[in-house]
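Just so it is clear, none of the values below were taken in a lab; they were calculated from the coordinates. Because the structure is a prediction, the values reported are computed rather than measured. All Cβ positions, even for glycine, are placed from backbone atoms using ideal geometry, and neighbour counts span all protein chains on display.
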Amino acid sequence: MSTTPRSDELAWMSGADVASLIRSRSVKPSEAVAAALQQIDEHEAQTNAFVTVLAEQAMDQAARADEEVMRADPADLPPLFGVPLTVKDLSATAGIRTTFGSTQFAEHVPDADSLAVGRLRGAGAILIGKTTTPEFGMLGVTESALTGVTNNPWRLSRTAGGSSGGAAVASASGMGQLAWGSDGGGSVRIPASYCGVVGLKASLRWIPGEHPWDSAVTDGPLTRTVVDQALLLEVTAGHHPLAPFSTPLPARDFVSAVRALPADLAGVRIAYAQSPSGAAPSAEVAAVVRRAIDVLVGAGAEVNLIDLPLPDPVEYFIDFWGPAFLDPNAPLPHPAMRSVSEAAQRVTLERHLHTASETRAEITRTYNRVFEEFDLLITPTSPVAAFPHPGAAGGNTEIDGVPVAHPAIDFHRYTEPASHAGIPAITVPAGFDSDGMPVGMQLHMPQHQDARLLQMAAVWETLQPWAHLRPEFRL
């Protein structure tokens, strides 16, 4: 065996690298799991990213994996064999408590894995814990009556975003190479942006889910590197017989796509919409993303600033999602949830159906017009960087001193539209604001061009690497 990386080094490696080291017998699965658990021991009290930590169970599984890797042909090992994985507590895990962030389900233990989790575990990943989420994922910041508030590792007094906030924190903090979340209107991309990691919302129905009628929500990965995004998509995407509307994929190798990068961006036509739907980001966010755009231009890309005249995302958020907040059987303990419920009282059936069909069609047409002329669309991921824990407001109350009408919704206005168009969108770290907080940049491509999207994200990663940066866990 070659020299084993130290535990603190191992925890910060990519999942792809750890899987390769395990396959070559340079690292044991138990060493990889122990490294992740050590990070949890060191930082969980500060961040509150986990609902359940499976230390004993994970180490037992890793010990069995240690034995298997020594007797198996490395070529026969599944792609995620021995790599630590965390799963957002909205996804069912067989025999493991799954609370949905709710006190009502505090002791709920499912009999079966969700479809995606089943594929991840079948690919050899070792589940080390379930990460925090707001109740039923119905809030853009990660806090609940069950688990309390999850803190951003870059600054503990700031939000981690939501609803996959615990997953983003785990990924950013070295608490497992692979994190699994879910995204309706930005619930992977916002927390990934706020915590300085990568988050993907894949093309509609590429990753099969338990609710085949759902036309906006999908599971998705949060990782420190783009190659790990590709690895997780490769493992989870594709038709599943229990998800009848899930999409069969053409032959694809997402990992190869992100490793076969062009020498430069010459000939790549990029549209940059700084203020989608006419809503400007903060000056700090605009400056960070603008600097990133300049780097892309320096790499040979042709970038044009465009208007993106989308419908108002805050308005159609209420019209589309609002009825879910009216369920009399769903308690809404957070004041921000109750405020959305109150706004939803005015949503008629006609208005909801119009939004679900005509408004979403308008959004899709707007994106398609952009892609007729450009290869890639870039926007900021959020109008603001991670803000101080908002309490009852549920979100930022202002942008550069200007009040926002719906704090619990406004900061998702740049991620909401892609969900309704069904196109792939990925957030990558663009840089940091003057307060040292990460700022995300969101890349979009036409539906089913996920491999090319991941490749463009990987090009950006080579131009401005970030995976070596570690949060300071400061107040």
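Over the chain, Cα pairs under 8 Å with separation of 6+ residues give a relative contact order of 16 percent. Share of pairwise Cα-Cα distances greater than 17 Å in the range 74-116 is 44 percent (whole percent). Other residues with beta-carbon under 13 Å from the beta-carbon of residue 344 carry, at +1 per Lys or Arg and -1 per Asp or Glu, a net charge of -1.
With neighbours defined as other Cβ atoms within 10 Å of a residue's Cβ, the residues 434, 187, 102, 157 order from fewest to most as 434, 157, 102, 187.
For residue 179, the amide hydrogen comes within under 5 Å of the amide hydrogens of 86, 222, counting only partners 5 or more places away or on other chains and with H modelled in the peptide plane.
Taking every DSSP beta bridge that has both ends in the chain, the antiparallel portion is near 65%.
How fast does the range 101-247 diffuse by Stokes-Einstein, in µm²/s, taking the Kirkwood radius from C-alpha pairs at 25 °C and 0.890 mPa s? Result for D is 160 µm²/s.
Volume per residue for the range 7-258 equals 115 cubic angstrom (convex hull of Cα atoms). Protection proxy ranking for 382-395, 172-185, using the average of other Cβ atoms within 10 Å per residue and placing the highest first: 172-185, 382-395. Each label was represented as a point 7 Å from its Cα along the Cα-to-Cβ direction; for residue 279 and residue 305 these points are 2.1 nm apart.
Computed from the Cα positions only, the extents of the range 263-449 along the three principal axes stand at 56, 39, 24 Å, in decreasing order. When peptides 162-169, 25-32, 257-264 are ranked by their average number of other Cβ atoms within 10 Å per residue, the highest-first order is 162-169, 25-32, 257-264.
Hey, with R₀ at 35 Å, roughly what FRET efficiency would residue 72 and residue 9 work out to, going by the Cβ-Cβ distance, to 0.05? Don't jump to the answer; show the numbers that get you there.
On the way: r = 25 Å, r/R0 = 0.72.
Between residue 72 and residue 9 the formula returns 0.85.
With a Förster radius of 35 Å applied to the beta-carbon distance between residue 269 and residue 42, the computed FRET efficiency rounds to 0.20.
About its Cα centre, the dipole of the chain is roughly 320 debye, where the only charges are +1 on Lys and Arg Cβ and -1 on Asp and Glu Cβ.
Among residues other than residue 61 with Cβ under 12 Å from its Cβ, the summed charge is -3 (Lys and Arg +1, Asp and Glu -1). Around the amide H of residue 131, modelled in the peptide plane, lie the amide H atoms of 51, 87, 88, 89, all under 5 Å away and 5 or more residues distant in sequence or on another chain. Report, in whole Å, the centroid distance computed from the Cα atoms of the range 415-454 and the range 105-148. If we compute the Cα centre of each part, the gap is 23 Å.
Summarised as an ellipsoid, the range 386-452 has semi-axes of 26, 17, 9 Å, derived from the eigenvalues of the Cα gyration tensor scaled by 5 and square-rooted, with the largest first. Here the chain is treated as a Stokes sphere of Kirkwood radius computed over C-alpha pairs; at 10 °C and 1.306 mPa s its diffusion coefficient rounds to 72 µm²/s.
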